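A.B. asks: The structure follows.
The values are calculated or read from the model by the stated rules, or taken from the named source; none is laboratory data. Please read all numbers here as calculations on a predicted model, not as lab measurements. Using ideal geometry, Cβ is built from the backbone for each residue, glycine included, and neighbour counts are taken over all protein chains shown. Quick note on the areas: whole protein, heavy atoms, side chains included, nothing else; ligands and nucleic acids left out. Shrake-Rupley method; radii C 1.70, N 1.55, O 1.52, S 1.80 Å.
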Amino acid sequence: MIAGTTLAEVATRVGGKVVGDPATPLTGITHDSRLVAPGWLFVAVRGARTDGHHFVGRAVESGAAAVCVEEGPGVSVPAVVVPDTRRAMGPAAAAVYGDPADHLTLIGITGTNGKTTVVHLLESIADAAGLRPGLLGTVAARINGVEAAIERTTPEATDFQRLLRDMVDARVELAAVEVSSHALSLSRVDATLFSVAAFTNLTQDHLDFHGTMEEYYRAKASFFVEDRAERAVIWMDDPAGRRLAAETSLPVTTVGASPGHDVWAEDVRLDLRSSSFTLAGDGSRLPTRLPLAGDFNVANALIAAACAASAGIGWEPIVAGLEAVDQIPGRFEFVDVGGDAGVVVDYAHTPDGVAAVIRAARDIVGRGRIIVVVGAGGDRDKAKRPLMGAAAAEADVAIITSDNPRSEDPAAIIGDVLTGAGGGPARIVPEADRRSAIGVAITEAEAGDLVLILGKGHEQGQEFADGIVPFDDRLVAREEASDR
């Protein structure tokens, strides 16, 4: 890894005061005292559960060359003192790792739904265009096709800048990154200028963190400013997208499902495993067959295409990349369980996401029934639970079950979901055990029906108060089908 700077340079970037030798060399940076290596800067961050200042001594014992703190260090190594270490992390990490974003075409995707699919599509487009790709997202992180480990959709600033540095060192040319509202609010992408910032949509989620939809919108909108991005791509078939396009000062490429935008689709045709459409933009009309199902994936493809075009990639490699993308784990993923009914696993975990998947399924199955298995997560926004029930009730059969109950009583969560599930056409079936719920759905399904198992997607565990139990909806669906 090519990296390194001095404590003085870090202090200049973060507006801090140096205590000790300003010429102290720094070769790495972390906010986790367990990961400190000799020569690194340790940033003591105050979190919701722990305060990094309590671990300064441990970091020094592990070889930290210096620390970044909010108060006098009282330790044997130099320090930079700042008012807010969380806000200092991004600029400090960018300095230590040599401003890696400056050496990449960096595309960031924000929005409630669709981020994961868009970054995977961009990875495929970059590869088709002959560019070395990088990807950071919920499902995976890859550096020129090689897997990398991350803990969050958008890693903390120290890890984020290190991963960007790793990409630069691997000669990555275009990197696609999911940028969550948490990341924007918690300064994880500060001191990073994106070539393109893209917006997918805004629907109710994360209100346990943001409090209101207005604050959630403002977190997303904070990405579309001149010190964070050079230009914007915005999905206009969403009220928040139209508001954002009117409010941002960035140059905007507009995207929508119909003419009247800079990029749109014509002649859309859908089936269970793919979508066909004509990609329209800049006077071009290119037939495209996307190996992903659902009208929402057509929207994701249009956003990815607009991002790639904004980054200077031609339309022919854009189409080639869209057509070559692999199935994205847990995103409207068809699961072959045998028999005449179809099974799809999807990560949809918001009311709008559930509704969109059910609508897409209607377009695909025609006269067949939609059988949905869905729940809601514990220790998260309780206000969306009845809305999840209302969305699920638009299916023909809705089996309400556990998602990740975490510290809450699964039965109580299901009860909250059921309060909204009475107004639709679906027959409602409560079943707390998720495996049993999937089994009930597969047993219920007949030829021509489609089973939608929603909420967990690619996840391979179910979170309870006493720990995580191995659980993969795709594997369980196959097992339950084989037992019947």
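A.B. asks: Please turn the phi angles of region 41-58 into ³J(HN,Hα) values with the Karplus equation 6.51 cos²θ - 1.76 cosθ + 1.60 (θ = phi - 60°), one per residue in order, whole Hz, x for glycine and proline.
C.D. replies: Using θ = phi - 60°, the values come out as 9, 9, 9, 8, 9, 7, x, 5, 10, 9, 10, x, 5, 6, 10, 4, x, 4 Hz.
A.B. asks: Using a 1.4 angstrom probe and counting only protein chains, how large is the accessible area of residue 344 in Å², to 10?
C.D. replies: For residue 344, the solvent-accessible surface is approximately 0 Å².
A.B. asks: Output ³J(HN,Hα) for region 349-360: one whole-Hz value per residue in order, computed from phi by the Karplus curve 6.51 cos²θ - 1.76 cosθ + 1.60 with θ = phi - 60°, and x for Gly and Pro.
C.D. replies: My calculation for region 349-360 gives 9, 10, x, 5, x, 4, 4, 5, 5, 5, 4, 4 Hz in order.
A.B. asks: Return the whole-Å distance between the Cα centroid of region 1-75 and the Cα centroid of region 371-439.
C.D. replies: Rounded to whole Å, the Cα centres lie 46 Å apart.
A.B. asks: While we're on this one: State the extension gain, in nm to one decimal, for the chain segment bounded by residue 479 and residue 51, taking 0.36 nm per residue of separation less the distance between their alpha-carbons.
C.D. replies: Once the chain is fully extended between residue 479 and residue 51, it gains 149.6 nm.
A.B. asks: I'd like the Karplus ³J(HN,Hα) series for region 280-296: coefficients 6.51, -1.76, 1.60, θ = phi - 60°, whole numbers in Hz, and an x wherever there's a Gly or Pro.
C.D. replies: Per residue, the Karplus-derived 3J(HN,Hα) values read 10, x, 6, x, 8, 9, 10, x, 9, 10, 8, x, 10, 8, x, 5, 5 Hz.
A.B. asks: Any idea what diffusion coefficient region 159-279 gets from Stokes-Einstein, in µm²/s, Kirkwood Rh on alpha carbon pairs, 20 °C, 1.002 mPa s?
C.D. replies: Using the Kirkwood radius from Cα pairs, D works out to 133 µm²/s.
A.B. asks: Same structure again: If amide H atoms are built 1.01 Å from N in the plane of the peptide, which residues on other chains or at least 5 residues away come under 5 Å of the amide H of residue 132?
C.D. replies: Under 5 Å from the amide H of residue 132 lie the amide H atoms of 173, 174, each far enough along the sequence or on another chain.
A.B. asks: A follow-up question, please. How would you order 455-467, 398-410 from highest to lowest mean count of nearby Cβ atoms within 10 Å?
C.D. replies: 398-410, 455-467
A.B. asks: Report, ordered by chain and residue number, the lysines lying within cross-link reach of residue 115, taken as a straight Cα distance under 26 Å and ignoring same-chain residues fewer than 8 apart.
C.D. replies: 220, 382, 384, 456
A.B. asks: Then there's this: Of the heavy-atom accessible surface of region 135-205 (probe 1.4 angstrom), what whole percent is carbon and sulfur?
C.D. replies: Carbon plus sulfur share of accessible area: 44 percent.
A.B. asks: Long-range amide H contacts for residue 464: which residues qualify at under 5 Å (H placed 1.01 Å from N, peptide plane, sequence gap of 5 or more or a different chain)?
C.D. replies: 406, 469
A.B. asks: For a bin width of 5 Å, list the pair-distance distribution of region 52-177 built from all Cα-Cα distances, rounded to whole %.
C.D. replies: Pair shares across the bins are 2, 11, 18, 19, 16, 11, 10, 8, 4, 1, 0.
A.B. asks: Next up: On the principal axes of its Cα set, how long, how wide and how thick is the chain? Give whole Å, largest value first.
C.D. replies: Computed over the Cα atoms, the extents are 74, 56, 39 Å.
A.B. asks: Would you give the gap between the C-alpha center of region 445-484 and the C-alpha center of region 135-178, rounded to a whole Å?
C.D. replies: 29 Å
A.B. asks: Shifting gears a bit: Could you list which residues have their amide H under 5 Å from that of residue 325, counting only those 5 or more apart in sequence or on another chain, with H placed in the peptide plane?
C.D. replies: Here the answer is none, since no amide H 5 or more places off falls under 5 Å of that of residue 325.
A.B. asks: Follow-up question, since we're still on this one. Over region 373-484, what portion of Cα pair distances is larger than 23 Å, expressed as a whole percent?
C.D. replies: Result for the distance tail: 23 percent.
A.B. asks: Something else about it: Could you sort 428, 468 by accessible area so the largest value comes first, with the probe set to 1.4 Å?
C.D. replies: 468, 428
A.B. asks: Which order do the peptides 178-190, 34-46 come out in when sorted by mean C-beta neighbours inside 10 angstrom, highest first?
C.D. replies: In decreasing order of mean packing, 178-190, 34-46 become 178-190, 34-46.
A.B. asks: Another question, then. So, taking all protein chains as they sit and a 1.4 Å probe, how much accessible area belongs to residue 262, in Å² rounded to tens?
C.D. replies: 70 Å²
A.B. asks: Moving to a separate point now. Which whole-number percent gives the relative contact order of the chain, counting Cα pairs below 8 Å spaced six or more residues apart?
C.D. replies: Relative contact order, the chain: 11 percent.
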